[in-house]
Structure formats: structure tokens, C-alpha cells
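No lab work stands behind these numbers, since they all come straight from the coordinates. Quick caveat, the model's predicted, so the values are computed rather than measured. As a convention, Cβ positions derive from the backbone with ideal geometry for all residues, glycine included, and neighbour counts pool all protein chains shown.
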Ligand code: C5P
């Protein structure tokens, strides 16, 4: 069988041309990177877990009317998605201080924030994805004011959904990152959630013990990443064996 045309290869995923116009196939690799790819490893089974978990979260978003790119899972490592034009910003939502916010503002990890805080980072590996202000985004034309308003609203809706789903299985959603893409429907632009939602792009802490169940396990050498992601999948009832 002829191999599909590769559109783009990122650190954890590959995009292939999809079977129909307007679609891509998203392939989840086992590769893990951290600190702007200074730390790298191959983690057996990570791609399979993230494919299933991203499917689970995106389907949940669809069920409550939050538009996203997911169409259907094709196999253990691939899903069919809508083709979008990615907005070159990482949208981060934080409920508790951790990671770069703790470092930047001197807040100890786990400090509850007064309300969910949305941050934007420019997607640029060479620059290390710098934090940018709304002023920068508008002035440099990365998104319009309307896009910004829509992105904020989408990010906060995703936060409400994800926080609830995770809390129901004893996990605190500390923070997460999403990417947002443009699609055109009857000449109207619409913004939808794209890329992936998985423990690679969230901070997830056990409510009781504080145990980390996300990519910090890899970043900080805290044990087996596969075990952590499997635990998240098990609690959500989406283990790869439960197809
Ligand atoms: O590193 P930082 O604290 O800014 O990360 C905030 C959240 O965004 C974390 O959940 C992290 O996993 C996610 N993130 C990501 N991809 C990046 C940067 C951050 O998924 N390039």
C-alpha cells in the first residue's frame, strides 16, 4: 500500500494527508521531549495512550458543543482530524501555580490562583515559545481581537470541562495547553480546538496524594511515564485494551 503523504512532523506527532479533502491523519509517536527538545526519549506505548486519551477528551468536548478537530479514531496510533490553519499561539490555562508560572512569579507549586488564568505563548521553537501579551498578538497580527475573545472563551470552556472530568476521577487539573485552529464554513471563519489534549499537555495531580500523572514525570525523572498515563487512562475507563 502506498504510504500517505507526510504534511508535517512534530516532536510527538506526525500529520499525513487525509483520505478526503479537508482532513488529516494524526499519528501519535512514542517520542517524548522536554525543555524545548533538550531532553528526549522514546517511551513505549505513549503514542497509543495519548491517541486514546485525546480521542476521549475531544469527544467529550463535542458532546457539550465545544468545536474541535476530532473526527474519528482510525487505529491504535492514528485519528482522522479536520484540517485547520493553526493559530501560532499556545493557549495555556492555569488553575494552580506550577511550572513556568511558579518560576516566573515566585509562587510555590500548587498555590491556588484567584481565578483561571489564560496565557498565550508564541509557537516558535527557536525562541523557546515565549510568553506574549494580548497587545503583542494584536500588534503583530497573529490573531485579531475577535479571535482573541473567541480563544479566551474556548480555553475557559475547555478548562471547565476538563477540570470536571478529571476531578470526577480524583485528579486535579493544575494547568494545560491547547492549540486552536481556523476553519471556514460557508465563508465564515470559526475557531476550533486542535492538536491534542493529553497528559503530554496538561498537569494532572492526584487529589489525595499530589502524585504527578503527566509529562512532569518525564521532565523531572519521577518514574515511569507510561505507568502515569496508564493510570489516567484506567481511571477514565479508556485503557487501550477496552476498544
Ligand atoms: O511549562 P509551563 O508551566 O508553561 O506549562 C504550562 C502547561 O502547558 C503544562 O501543562 C505543560 O505541559 C503545557 N505545555 C505544553 N507544551 C508547551 C509548553 C507547555 O503542552 N510547549
Please tell me the relative contact order of the stretch 6-82 in percent, rounded to the nearest whole number, where contacts are Cα pairs under 8 Å and at least six residues apart.
27 percent
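Could you list 230, 42 so that the one with the fewest beta carbons within 10 Å of its beta carbon is first and the one with the most is last?
Values: 230 17, 42 10.
Neighbour counts put them in this order, fewest first: 42, 230.
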What is the distance, in nm, between label points placed 7 Å from the Cα along the Cα-to-Cβ direction at residue 104 and at residue 74?
3.6 nm
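Would you work out the relative contact order for the chain, in percent, from Cα pairs under 8 angstrom that are 6 or more residues apart? Working shown, then result.
Numbers: 446 pairs, mean separation 43.7, N = 243.
Result for the chain is 18 percent.
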What's the ranking of 231-239, 47-55 by average number of surrounding C-beta atoms within 10 Å, highest first?
47-55, 231-239
For the chain, calculated [θ]222 nm from helices alone, where every DSSP H run of n ≥ 4 adds -39500 (n - 2.57)
-9000 deg cm²/dmol
Expected sort for 8, 27 with the fewest Cβ neighbours (10 Å cutoff) up front is 8, 27
Three-way shape label, the chain, alpha-carbon gyration tensor, a/c 1.5
rounded
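At a Förster distance of 35 Å, what's the computed FRET efficiency of residue 8 paired with residue 208, Cβ-Cβ distance as r, to 0.05? Walk me through the numbers on the way to the answer.
Working: r = 40 Å, r/R0 = 1.15.
So, using R0 = 35 Å, E works out to roughly 0.30.
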Using the 2.2 N^0.38 Å rule of thumb for compact globular proteins, work out how the stretch 99-243 stacks up: its C-alpha Rg over that value, please.
1.16
Going fewest to most other Cβ atoms within 10 Å around each Cβ, 205, 184 line up as 184, 205
Looks like the stretch 7-48, by Cα gyration tensor root eigenvalues a ≥ b ≥ c and the a/c under 1.5 rounded cutoff (else prolate when a/b is bigger than b/c, oblate otherwise), is oblate
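Beyond 21 Å, what share of the Cα-Cα pairs of the stretch 6-82 is found? Please give it as a whole percent. Can you show the working numbers first?
Working: 895 of 2926 pairs.
It works out to 31 percent of all Cα pairs.
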